[in-house]
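Bear in mind that the values in this text are calculations on the coordinates, not laboratory data. In this text, all values refer to a predicted model and were calculated from it rather than measured experimentally. Glycine gets a Cβ as well: all are built from the backbone with ideal geometry, and neighbour counts include every protein chain shown.
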Amino acid sequence: MYRKVEESQTLLINTQAKALEAQNKEIIKFGFGQSPFLPPPNVINALKESAHRKEYSSVQGDLNLRKLMSAFHLAHNGLKVDHDNILVAPGSKILLYTIMLAFEKADVLIPVPSWVSYAPQAILAGHHLIKVNTSFEERWRIHPSTIEEAIKNKKHKATILILNYPGNPDGLTYSPSELQELAVVARAHEILVISDEIYGLLTFNHPHESFANYYPERTITTTGLSKWCGAGGWRLGAAFLYDGIEKEFKQALIGIGSETYSCAPTPLQMAAKEAYKSYKDTEDYLHKQTDILQKIGLYCAEKLNAVHIGVHTPQGGFYIFLDFSMHREALSKKGISSSNKLCEVLLTETGVMILPGTAFGFSNDYLGARLAFVDFDLPNKKEEFMLTTDCPRVIKGINLIVNWFATLKILS
């Protein structure tokens, strides 16, 4: 009689962590990916000063905010989008769903692993879900060949590919040559690409490359304040539509927004105008974050790889995806043959919480899990960030995992 919709695994695990803490148990929270960084002070103040703004905005969002977003992303990485082709909403999550809802029937290509809500949203929208397989050896990246293989299972005329990089759950990105190759196959099959670049501004070492710069004619880019501005709970996202978007498609997006979320909260849009005021003025704030996250990510990857837990060094964001395949035999002797069981036992015996691979599209017998390395507090000091003193819970959590697997090996 009712739809069967499970609670989002990332939100569920955050609730579980709070319940265990209420029992006075120390939990290392590597399960929920929430930025520990605060929005810049000027952005916080802009929100405070806009608390009285209670009026509705247009469904598309405040005009001046959309103009600022357009200029900000052009300065960041050359992403060109007219302000009239930007939609602002209460989070990019609802925009992803809105885009899918605009189609009556479609095939939705989703890489495995991928963010937990893509597949449920596609199913809720009534679409045909097609998983695009990847592998640890190929860094969890999709390729033209994997797309060609996936579309053999198409059922409908319309095809949507959801691309996410730097990725959740893997923290990896795509090279310009890889994006160019994907653009060729997307163009050949007239695929609509939703490029979820919510972590784009947290790319390490080099500017983030937007897929729309390689495939401008059919790419919608989603982004928002939640990751780079540390404002996940504020719920402020945006979708950058492509030039020449079909009139009916754009109207469907606005129409769905008008019948669901109405508009993004006006005070938050005013604060967002401060956040997007100048990319140049934001660079130092972004570099501070990426420097810290890169140090932590490198530490985690090196420590875990040392005990034969497969991890690729992250290139952005704050996640790594762990492959425990080399420990399958030892885990089996302990009665562990699934990612769910592995995460359950690890939590019980060490207090470390990670999210099982099933949440990201894998079958339960695949021994994989996501680790979000953001269980740390920002130091109240101006000195350089020090991993050993400023990240004690991350270091403790990684050591607990390492020691648990070391003991597992001895016992086996």
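Positive-end ranking of M69, A272, G351 along the dipole of the chain, with charges on Cβ about the Cα centre, is headed by G351.
Summary value for segment 231-367: 13 percent relative contact order, contacts being C-alpha pairs under 8 angstrom separated by 6+ residues. Over 18 Å between Cα atoms, which of K54/K273; K29/K131; K247/K277 qualify? Over 18 Å Cα-Cα: K29/K131; K247/K277. What do you get for Rg/Rh of the chain when both radii come from the Cα atoms and Rh is the Kirkwood radius? My calculation of the ratio gives 0.96. Were the residues from T407 through N340 laid out at 0.36 nm apart, the gain over their Cα-Cα distance would be 22.1 nm.
Restricting to DSSP H runs of at least four residues, report the calculated mean residue ellipticity at 222 nm for the chain, -39500 (n - 2.57) per run over all residues, nearest 500 deg cm²/dmol.
On the way: 14 runs with 167 residues, N = 412.
Using -39500 (n - 2.57) per qualifying helix, the result is -12500 deg cm²/dmol.
GluC sites (Glu not before Pro), restricted to segment 176-224: which are DSSP loop and have at most 16 other Cβ atoms within 10 Å? Hits after loop and neighbour filter: E190. Taking 41 Å as R0, compute the FRET efficiency from the Cβ-Cβ separation of I245 and K152 and round it to 0.05. After rounding to 0.05, the efficiency reads 0.90.
Sorted largest first, the principal axis extents computed over the alpha-carbon atoms of segment 181-278 equal 43, 41, 21 Å. Working note: Debye formula, equal point scatterers on the alpha-carbon atoms of segment 279-412, no solvent; log10 I(q)/I(0) at q = 0.12, 0.14 Å⁻¹ is -0.50, -0.66.
Across the chain, the longest piece that holds none of the chymotrypsin sites (Phe, Trp or Tyr not before Pro) lying in DSSP loops with up to 12 other C-beta atoms within 10 Å covers 57-412. Rounded to whole Å, the principal axis extents of the Cα atoms in segment 41-280 read 54, 41, 30, largest first. If R0 equals 30 Å, the separation of the Cβ atoms of H143 and M326 corresponds to a calculated FRET efficiency of about 0.75.
Could you calculate the FRET efficiency of K288 with T389 from 1/(1 + (r/R0)^6), where r is the beta carbon distance between them and R0 is 22 Å, rounded to 0.05? Between K288 and T389 the formula returns 0.85. Dipole magnitude for the chain: about 680 debye, using +1 per Lys or Arg Cβ and -1 per Asp or Glu Cβ, origin at the Cα centre.
Here is the list for segment 139-210: trypsin sites (Lys or Arg not before Pro) lying in DSSP coil, each with at most 14 other C-beta atoms within 10 angstrom of its C-beta, are K155, K157.
Filter K93/K341; K93/K155; K4/K67; K303/K341 down to the pairs with a C-alpha to C-alpha distance above 32 Å, please.
Going by Cα-Cα distance, K4/K67 fall outside the 32 Å limit.
Return a whole-number percent for the relative contact order of the chain, with Cα pairs under 8 Å and 6 or more residues apart as the contact set. Spell out each step's value before the answer.
On the way: 771 pairs, mean separation 93.6, N = 412.
Rounded, it is 23 percent for the chain.
If you sort the three axes of the alpha carbon gyration tensor as a ≥ b ≥ c, you get a/c of 1.5 or more for segment 1-129 and a/b no higher than b/c, which makes it oblate.
Expressed as a fraction of 2.2 N^0.38 Å, the C-alpha radius of gyration for segment 207-332 is 1.44.
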